[in-house]
2 protein chains.
Amino acid sequence: MRTVSENRCFGGVQGVYTHASEATGTDMTFGLFLPAEAADHPVPLLWYLSGLTCTHENAMTKAGAQRYAAEHGIALVFPDTSPRGEGVADDAAYDLGQGAGFYLNATEAPWAPHFRMWDYVAEELPRILTASFEIDEDRQAITGHSMGGHGALTLALSLPGRFRSVSAFAPIANPVASDWGRKQFAAYLGPDETLWRGHDASILMAERGFDGEVLVDQGASDQFLDLLKPEALAHAMAARRQPGAFRLQQGYDHSYYFVSTFIPDHIAFHAEALYR
Amino acid sequence: MRTVSENRCFGGVQGVYTHASEATGTDMTFGLFLPAEAADHPVPLLWYLSGLTCTHENAMTKAGAQRYAAEHGIALVFPDTSPRGEGVADDAAYDLGQGAGFYLNATEAPWAPHFRMWDYVAEELPRILTASFEIDEDRQAITGHSMGGHGALTLALSLPGRFRSVSAFAPIANPVASDWGRKQFAAYLGPDETLWRGHDASILMAERGFDGEVLVDQGASDQFLDLLKPEALAHAMAARRQPGAFRLQQGYDHSYYFVSTFIPDHIAFHAEALYR
């Protein structure tokens, strides 16, 4: 693992690291914020999964999360959104291929060999983080934005016991019924739609629920509401009697200005679960 | 109007008053908390509508709302849930007749002459309050519990501009699809179901929305979830892109212990709208 950069930040360190990934067969880069407490003892970890077109860098620089993570003594990890580089398939569209891994393991050509972001985020990166840094693997939580909100919710709902809490900003909430989902699932997973259902937060919520609290924020003026389909997730949460909150935030759009406005609430929400 | 009682409470006065009502053709009793500020100038008003079997007294004594209303300088009014007394029709069931007015104007016998709680709460009582007390009629908000949550939401959604904000605790959210609703609407309004739709919060939310913020709390262990149908309202709020929050509160039931736990949040929520 190679250190790309390390910067002092709110009394802790914001690092960027690159490593060879077995899951994707490529080099992968991630950002990791460690609060001051990590110098003394393992700290809880909040995963932040990013959206379409993002790298490890967008949330790290624009979400303003480190201040609140430092206040609560929580580490933050910012994975990339797909494998990248020479020999990795791509598409001219912004919403397929590099920058659009959708947090699943592709089975179809030309994506199958490298697009294994599920295994990377669910299996490989956790092992690397707990082996290399002062991270308490028993205290993890997860959040994300847009495609990353989809990733956060589907991972948390599929891995019971892994995350103490889950939240999302403007998640792609019902991808099996959206052009943000159907196109990518067909490409990555093939035509059998029954396989898609395991990557749909609204379906997983309806069928399984989450053993903990769930917080979802959605901008009421989001330009992508018709693609995100928040009503499906809101219905599923209430029908499941899922503890948590689904909030529509008046006037907010899909941007990082929306994320940065509500990230303090989300980190406080996760801190409550991580320090319970 | 006759003063039944007045008690000093959090620096203000908790009063109970009885008056002859034109709307119901009976005497009606209500509770009113006025904060200290009402001695000097008109104050904003938060309506609290109660649930099945309640009188004006339940929330007044059990919700613990006065402390927070006093902190924010807000008046609270607690209307009764139906007309009462000799000559007023009733039913042996707890969910029909006296204590179960459902905040509508009955058109069917034997309920029609007196069961006009919509007119009472929407028209007559506001006039009495603003004429007799230091209430600022331009700054009103509304909340309620169970049947009262239904009342709060249907009034707020039907009277645009009247209330700056609306919230509800475990509202009867979709009465046209519930045994808490179909029975009463058939009795009070008759068999034409198109007339029922104007008293269904989920339908009104889907069709009209609310010009302001909406806050709904629902206990995830509520014993009446199948009758309340929160999922219909959660879907309608998200589909409408309604600013606000729909929260499922883990472990809470339908009781006033639930209401009293979250009343501080609700009063703070309304205060933000009332003092904007």
Revision key, fill the gap. When the charge dipole of segment A:2-275 is computed with +1 on Lys and Arg Cβ and -1 on Asp and Glu Cβ about the Cα centre, the Cα farthest towards its positive end, among A:Ala131, A:Pro42, A:Pro113, belongs to A:Pro42
Exercise for review: For segment A:1-135, give the magnitude of the charge dipole about the Cα centre (Cβ charges: +1 Lys/Arg, -1 Asp/Glu; no others), in debye to the nearest 20.
Suggested key: 320 debye
Check your understanding: If one takes the accessible area of chain B alone plus chain A alone and subtracts that of the pair, with a 1.4 Å probe, what total in Å², rounded to the nearest 100, results?
Key -> 1800 Å²
**Study point:** Size of charge dipole - the protein assembly as shown - debye, nearest 20, with Cβ of Lys, Arg +1 and Asp, Glu -1, no other charges
**Key:** 180 debye
Exercise for review: Once you have the Kirkwood Rh of segment A:185-241 from its Cα pairs, apply Stokes-Einstein at 10 °C and 1.306 mPa s and quote D in µm²/s.
Suggested key: 124 µm²/s
Practice item. Over all directions, average the projected area of the Cα convex hull of the protein assembly as shown and note it in nm². Key: 26.6 nm²
Review point. Seen from all sides and averaged, what is the projected area of the convex hull of the Cα atoms in segment A:107-247, in nm²?
Key: 8.8 nm²
Check your understanding: Computed on alpha carbon atoms, what radius of gyration and Dmax characterise segment A:2-275, expressed in Å?
Key -> 17.2, 50
Study note, to complete from the structure: Distribution output for segment B:141-205: share of Cα-Cα pairs per 10 Å bin in percent, first bin at 0, values 25, 53, 21, 1
**Study point:** Phi-based couplings in Hz for segment A:260-266 (Karplus 6.51, -1.76, 1.60; Gly and Pro marked x)
**Key:** 5, 5, 10, 4, x, 4, 5
**Study point:** For segment B:49-55, Karplus couplings with θ = phi - 60° (6.51, -1.76, 1.60), whole Hz, Gly/Pro x
**Key:** 9, 9, x, 3, 6, 7, 10
Review point. Can you pull the percent of segment A:2-275's accessible area that's carbon plus sulfur, 1.4 Å probe, other chains left in place?
Key: 48 percent
Practice item. Sum -39500 (n - 2.57) across every DSSP H segment of at least 4 residues in chain B, then divide by the residue count to get the 222 nm mean residue ellipticity, nearest 500. Key: -9000 deg cm²/dmol
Check your understanding: About its Cα centre, how strong a charge dipole does segment A:176-255 have in debye, to the nearest 20, once Lys and Arg get +1 and Asp and Glu get -1 at the Cβ?
Key -> 160 debye
Check your understanding: Using a cut-off of 22 Å between alpha-carbon atoms, which lysines can reach A:Lys62, once sequence neighbours fewer than 8 places away in the same chain are excluded?
Key -> none
Point to revise | Cβ neighbours within 10 Å from other chains - mean over A:227-233 | key: 3
Exercise for review: Would you kindly work out, in nm and rounded to one decimal, the distances from the label point of B:Asp138 to those of the same position in each other copy, ordered shortest first, with label points 7 Å along Cα-to-Cβ?
Suggested key: 5.9
Review point. Between copies, how far does the label point of B:Thr61 sit from its twins, in nm, shortest first, when each point is 7 Å from Cα along Cα→Cβ?
Key: 6.4
Revision key, fill the gap. Farthest towards the positive end of the dipole of chain B, among B:Ser165, B:Gly12, B:Ala186 and with Cβ unit charges of +1 on Lys and Arg and -1 on Asp and Glu, lies the Cα of B:Ser165
Practice item. Could you pull the Cα extents of segment A:55-137 along its three principal axes, largest to smallest, in whole Å? Key: 44, 27, 19
Review point. Which ³J(HN,Hα) values in Hz, rounded to whole numbers, follow from the phi angles of segment A:61-73 under the Karplus curve 6.51 cos²θ - 1.76 cosθ + 1.60, where θ = phi - 60° and Gly and Pro get x?
Key: 9, 10, 7, x, 7, 4, 4, 7, 4, 5, 4, 9, x
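The values are calculated or read from the model by the stated rules, or taken from the named source; none is laboratory data. Quick caveat: nothing in here was measured; it's all calculated off a predicted structure. We place every Cβ from the backbone using ideal geometry, glycine too, and count neighbours over all the protein chains shown. Ligands, DNA and RNA are excluded from the accessible area calculation, which covers all protein heavy atoms including side chains. Shrake-Rupley method; radii C 1.70, N 1.55, O 1.52, S 1.80 Å.
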